[in-house]
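The values are calculated or read from the model by the stated rules, or taken from the named source; none is laboratory data. The structure presented is a predicted model; accordingly, all values stated were derived computationally and were not measured. No Cβ is skipped: glycine too gets one built from the backbone with ideal geometry, and neighbour counts run over all protein chains shown.
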Amino acid sequence: MPTAAPIGQRTTVDRPDDSDLPQIHLVYALASDGVDRFFDTNGAIKTSVESVRYWFRTQSSGLDLRWDTYNGELDVTFFRLGSTEKSVTALGAYVRDVLEQELKAAGGIQGSKQYMVFYDGASTYACGGGAWPPLLYGVVGAMYLKGLPDGPVPCDSNTLGASPTTPGYLDIAMLHEFVHSLGLTPTCAPNQHSSGHVSDSPNDLMWAGDAPWDLPPKLDIGNDDYFRHGNPDCPDLANVGYIDPLPADYWLPPGVSR
Ligand SMILES: [Zn+2]
């Protein structure tokens with residue numbers, strides 16, 4: 001086996017995995033002509049994930065998500081797209097889709113992994129996007145770190161990974177997109193609306209609606225839609241295979257096999 005780049009150095013390949021279980025792999029992606037801010041190696045993505053883990057542990061009374069690690073440390077891959085930033089931006093609502101397509105074509109999608117892609121480029125459509133199987137198959141949730149440059153609040157008016165204990169907008173929004181890519185909020189949830197969001201509170205992780213997102217959010221307010229809701233016929237984030245420790249009867253999203 002070739003020697004993997006030490007953690008903290010840039011690598012374009014997924015390092016050997018500490019675990020064979022379903023896990024989340026981190027990617028820092030740039031367009032072919034994108035300006036490099038070194039978020040894979042300067043600690044920004046690492047701290048961003050730490051803040052999300054801290055938040056999730058607090059909200060779930062002790063659960064973690066399973067992260068792709070190498071020798072116990074977060075494994076972050078660098079990915080340079082073939083497309084220019086202008087051509088990616090021109091895709092409008094489909095930036096996430098081209099990220100997944102190019103990553104897949106490059107052999108960067110493996111096994112039962114989910115991918116959190118920090119794309120350091122623009123979008124005219126949003127600050128991020130997720131899949132929502134089975135209506136939209138995919139395993140990439142992405143943030144567009146320089147999104148909405150001409151909007152009232154450009155996405156990069158927020159700092160990625162500013163604090164290990166207090167997730168900011170870009171940090172927690174990545175978790176929101178990841179949850180979408182699991183197929184949540186599911187259509188069987190009572191407050192599901194607007195393609196995988198919840199309608200019951202602007203302070204919910206999965207909120208979308210007319211009121212602004214009230215941050216920091218809470219995890220499934222009322223426990224009725226996507227976390228510990230108690231309905232065995234509806235998927236629950238608490239039992240997905242990306243939870244650590246692995247739930248006894250775990251499930252994987254539509255389109256993902258064990
Ligand atoms: Zn959403």
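Structure above, values below:
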{"quantity": "Residue tally, condition out of contact with any strand residue (DSSP E or B) (no Cβ under 9 Å at 6 or more places or on another chain), of a type in the set (Val, Ile, Thr) and either over 19 Å from ALA211 (Cα atoms) or part of a strand (DSSP E or B) (or both), over region 165-199", "calculated": "3"}
{"quantity": "Selection status of LEU205, under 21 Å from LYS46 (Cα atoms) and assigned by TED's automatic domain parsing to the domain that holds VAL140", "calculated": "no"}
{"quantity": "Top-ranked residue of region 165-188 - restricted to ones that are hydrophobic (A, V, I, L, M, F, W, C) and within 13 Å of the ligand (Cβ to nearest atom), ranked as farthest from the chain's Cα centre (by Cα)", "calculated": "LEU184"}
{"quantity": "Top-ranked residue in region 215-241 [being surrounded by fewer than 16 Cβ atoms within 10 Å (Cβ to Cβ) and farther than 19 Å from ARG57 by Cβ; ranked as farthest from the ligand (Cβ to nearest atom)]", "calculated": "PRO232"}
{"quantity": "Any hit, region 75-93, residues being within 16 Å of the ligand (Cβ to nearest atom) and either more than 24 Å from LYS218 (Cβ to Cβ) or modelled with pLDDT under 95 (or both)", "calculated": "yes"}
{"quantity": "Residue tally, condition under 29 Å from VAL240 (Cα atoms) and buried (at least 17 other Cβ atoms within 10 Å of the Cβ), over region 114-163", "calculated": "26"}
{"quantity": "Residues satisfying the stated conditions in region 189-203, i.e. within 13 Å of the ligand (Cβ to nearest atom) and within 23 Å of TRP251 (Cα to Cα)", "calculated": "GLN192, HIS193, SER195, GLY196, HIS197, VAL198"}
{"quantity": "Subset tally (residues that are in contact with a His (Cβ under 8 Å, 6 or more places away or on another chain) and either crowded, with 23+ Cβ neighbours inside 10 Å or touching a residue at least 24 places away in the same chain (Cβ under 8 Å) (or both)) for region 186-206", "calculated": "4"}
{"quantity": "Filter pass, PRO212 being in a loop (DSSP other than H, G, I, E, B), over 20 Å from the mean Cα position of the chain (by Cα), on the phi < 0 side of the Ramachandran plot and of a type outside the set (Lys, Arg)", "calculated": "yes"}
{"quantity": "For VAL52: the one exception among (1) surrounded by fewer than 19 Cβ atoms within 10 Å (Cβ to Cβ); (2) closer than 20 Å to GLY241 by Cα", "calculated": "(1)"}
{"quantity": "Candidates ALA142, ALA126, ALA122, ALA162, filtered to the one that is assigned by TED's automatic domain parsing to the domain that holds THR47, within 13 Å of the ligand (Cβ to nearest atom) and assigned to a loop (DSSP other than H, G, I, E, B)", "calculated": "ALA126"}
{"quantity": "Failed criterion for PRO212 (all others in (1) surrounded by fewer than 21 Cβ atoms within 10 Å (Cβ to Cβ); (2) in contact (Cβ under 8 Å) with a residue 60 or more places away in the chain; (3) within 15 Å of the ligand (Cβ to nearest atom) hold)", "calculated": "(2)"}
{"quantity": "Where a residue in region 171-185 is under 15 Å from HIS25 (Cα atoms) and assigned by TED's automatic domain parsing to the domain that holds PRO217 and its partner, wherever it lies, is within 11 Å of the ligand (Cβ to nearest atom) and at pLDDT below 95, with Cβ under 9 Å and at least six apart", "calculated": "none"}
